[in-house]
1. Residue 55 - would you say it is modelled with pLDDT under 80, under 30 Å from residue 105 (Cβ atoms) and surrounded by fewer than 10 Cβ atoms within 10 Å (Cβ to Cβ)?
2. Looking at (1) surrounded by 15 or more Cβ atoms within 10 Å (Cβ to Cβ); (2) modelled with pLDDT under 80; (3) over 22 Å from residue 41 (Cα atoms), which is the only condition residue 102 fails?
């Protein structure tokens with residue numbers, strides 16, 4: 001059986017495509033980052049903590065209430081304390097009340 005160069009290129013192309021597909025599947029299937037949230041609750045907590053940087057006081061008030069619902073106030077770090085103190089100066093009394101409550105619960 002005589003193998004032509006054309007057949008070799010076809011075999012090489014098929015091999016290359018299959019190798020690419022399998023290596024991609026392997027790389028993405030083993031890319032389990034332990035820092036990524038796995039449950040719905042963990043995703044909500046991660047999103048809520050990210051929302052603490054929002055400049056709108058109403059959003060931050062909602063975040064504190066949501067973190068309380070998820071029983072995750074202990075995840076709040078000291079870096080968020082200045083933001084809470086700023087909320088104590090807000091014009092909205094609901095926001096100020098939530099800030100007082102958040103300080104008493106978290107710290």
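The values are calculated or read from the model by the stated rules, or taken from the named source; none is laboratory data. Note that the structure is predicted; figures quoted are calculated from it, not measured. Positions of Cβ are backbone-derived with ideal geometry, glycine not excepted, and every protein chain shown enters the neighbour counts.
1. yes
2. All conditions are met except number (3).
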